[in-house]
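Notes follow the structure.
Read-outs: derived from the displayed coordinates by stated rules, not from any lab. Since this is a predicted model, take the numbers as computed values, not measurements. All Cβ positions, glycine included, derive from the backbone under ideal geometry; neighbour counts span all protein chains shown.
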Amino acid sequence: MICCDMDGTNVKGYSYLTSKIDSIYHEAAWKCGLSDSAMRILYVICLHGEECRLSEIILLSGISKQTANSALRKLENEGVLDLEPDRGRAKKVVLTEKGKRLAENTALKILQIENRVFGSWTKEEREQYFLLTQKYLSSFKEKMEEAGL
């Protein structure tokens with residue numbers, strides 16, 4: 001398969017960069033003694049504070065429902081979080097005191113680092129990055145649907 005080369009950039013280069021970013025997150029999870037799934041779950045909870053609806057974790061973590069449920073059960077058994085009833089049949093995930101300490105030393109540190117990175121950019125750079133990423137996401141989703149994938 002041949003990658004398209006458009007004015008000096010190509011899919012291979014983009015794929016390389018996203019893979020390198022993913023590997024940094026993976027290495028951070030490993031150094032913290034967490035699985036990628038557990039780190040993603042803690043990360044999403046930290047984005048929301050100390051609790052989050054289960055549906056938000058599934059949506060924002062990028063992991064499958066089955067994998068998320070397995071990781072949540074493991075974290076619950078370790079005393080890191082509790083699954084509590086929410087409206088209707090929905091559930092929310094709440095960090096325990098142990099979970100808050102774990103999150104502070106893992107996912108929250110990553111969020112702080114990300115904030116420092118984005119904070120070092122100009123407002124225009126942040127806006128451009130966000131708009132281009134949003135444009136890529138929208139176009140990619142559309143093209144995948146057109147391809148039946």
Checked against (1) surrounded by fewer than 17 Cβ atoms within 10 Å (Cβ to Cβ); (2) under 17 Å from Thr106 (Cα atoms), Leu42 satisfies every condition except (1)
Going residue by residue through segment 111-119, is there one that turns out to be within 25 Å of Ala38 (Cα to Cα), crowded, with 16+ Cβ neighbours inside 10 Å and touching a helix residue (DSSP H, G or I) at 6+ places or on another chain (Cβ under 6 Å)? no
